[in-house]
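Trainee: Pasting a structure below so you can have a look.
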Amino acid sequence: MAFTTEVKDELARVTPSRRCCRMAELSALFHLEGALHLSGPHRLSLHTESENAAVARKMFSYLREIFIVSPELRVEKAPRLRGHNCYCLYLEGGERSTQIINELGLLDDSLRPVLGIPARITRRYCCGIAYLRGAFMGGGYVSRPEQPAHLEINVQHSEMAEGLRDLASRYGIEMNVARKKSLCSVYSKSRSDQADLLALLGAYDAVLRLQSDAVVRELRERVNRRVNSETANLERTVNAAQRQLHDIRVVAEGPGLAGLPPALREIAEIRLSHPEASLQELGEYLQPPLSKSAVYHRLLRIRRIASGTS
């Protein structure tokens, strides 16, 4: 199951206790997934479809609980979903339907379509959260935890996109607006804002997955950095040791190690005996032990002698 579907299923199980919040959630769902049809003089019908069964059931349940109506529910095959099931709700035209559409903020009092977020629906703090929840269930997408962070809500009108951006900002969540062909997108690429929004909406299981994956990913990155660092250090040590062995062999084949000062001859013999040792380990083999710096400078003097010999 896609992560977005899991998040929407979880949000569909969140049921606000207040009627105003259920209204706000339902308003957002119909704004993003609904379509109004003129079925006659002053007769408007409402049609909506969702690919998510849990979301469709929630819309059906809210209409029945809040407005005491039972819309027609159909399960159809949608070509845009590659033949998968699409759950359609039909609210037939009539004065009652027009009243419901107006109360949901889809039409103003002059029966003109409302393209943005209806202010009276989201006036309360709790209702703003409910509206964002409905908007995400209606047109939201969130990337999987192991993928780069991306969360978006797709809408038809720029007024709605800007309204959602401003509404999210009310709760301290920064989002951006972009136009995509015939749609507008309200999006965030911040893992922190993504988690904060899902937590605000009530998708706590999803947030735990995001946070758990973030911890695992950070640990993996730290291990990789440590391994890469140690590998690079080892490569440098091996390369340096090979150069030092080459210098010692050049001297041995030329004037000979016996002609070196005792201190240089001693470090040369130790390096030949321990070709894989680090500078620190070479220093520990000497009596008395020497520091890395002292070992390095002795080997550097051998290099100069080898350079003069060659």
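Trainee: So is Ala241 closer than 30 Å to Pro275 by Cβ, surrounded by 12 or more Cβ atoms within 10 Å (Cβ to Cβ) and modelled with pLDDT under 90 or not?
Mentor: Against the criterion (closer than 30 Å to Pro275 by Cβ, surrounded by 12 or more Cβ atoms within 10 Å (Cβ to Cβ) and modelled with pLDDT under 90), Ala241 qualifies.
Trainee: Quick one: would you say Arg144 is at pLDDT below 95 and over 19 Å from Ser50 (Cα atoms)?
Mentor: The answer is yes for Arg144.
For every residue, the table says whether it meets (1) touching a residue at least 24 places away in the same chain (Cβ under 8 Å); (2) farther than 23 Å from Tyr131 by Cβ; (3) not in a strand (DSSP E or B).
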| site | (1), (2), (3) |
| --- | --- |
| Ala161 | yes, no, yes |
| Ser169 | no, no, yes |
| Val177 | no, no, no |
| Tyr187 | yes, no, no |
| Ser192 | no, no, yes |
| Ala195 | no, no, yes |
| Asp205 | yes, no, yes |
| Leu219 | no, yes, yes |
| Arg222 | no, yes, yes |
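Trainee: What is the number of the single condition among (1) out of contact with any strand residue (DSSP E or B) (no Cβ under 6 Å at 6 or more places or on another chain); (2) hydrophobic (A, V, I, L, M, F, W, C); (3) surrounded by fewer than 14 Cβ atoms within 10 Å (Cβ to Cβ) that Ala178 does not meet?
Mentor: (1)
Trainee: Then there's this: Report whether or not Arg144 is assigned to a loop (DSSP other than H, G, I, E, B), farther than 20 Å from Met23 by Cα and either of a type in the set (D, E, K, R) or touching a strand residue (DSSP E or B) at 6+ places or on another chain (Cβ under 6 Å) (or both).
Mentor: In short, yes.
Trainee: Here is a follow-up. Test Ile121 against the criterion of being in contact (Cβ under 8 Å) with a residue 60 or more places away in the chain, surrounded by 11 or more Cβ atoms within 10 Å (Cβ to Cβ) and either assigned to a loop (DSSP other than H, G, I, E, B) or not assigned by TED's automatic domain parsing to the domain that holds Ser45 (or both), and give yes or no.
Mentor: yes
Trainee: When the residues of segment 286-298 are filtered to those that are under 52 Å from the mean Cα position of the chain (by Cα) and not in a loop (DSSP other than H, G, I, E, B), which remaining residue is surrounded by the fewest Cβ atoms within 10 Å (Cβ to Cβ)?
Mentor: Once the filter is applied, the top-ranked residue is Ser293.
Trainee: Moving on. Where the second residue is surrounded by fewer than 17 Cβ atoms within 10 Å (Cβ to Cβ) and of a type in the set (A, V, I, L, M) and the first is under 13 Å from Arg301 (Cβ atoms) and outside the structural domain of Val295 (by TED's automatic domain parsing) and lies in segment 262-274, which pairs have Cβ atoms under 6 Å and are six or more apart or on separate chains?
Mentor: The qualifying pairs do not exist here.
The values are calculated or read from the model by the stated rules, or taken from the named source; none is laboratory data. All of these numbers come straight from a predicted model, not from anything done at the bench. With ideal geometry, Cβ positions are generated from the backbone for all residues, glycine too; neighbour counts draw on all protein chains shown.
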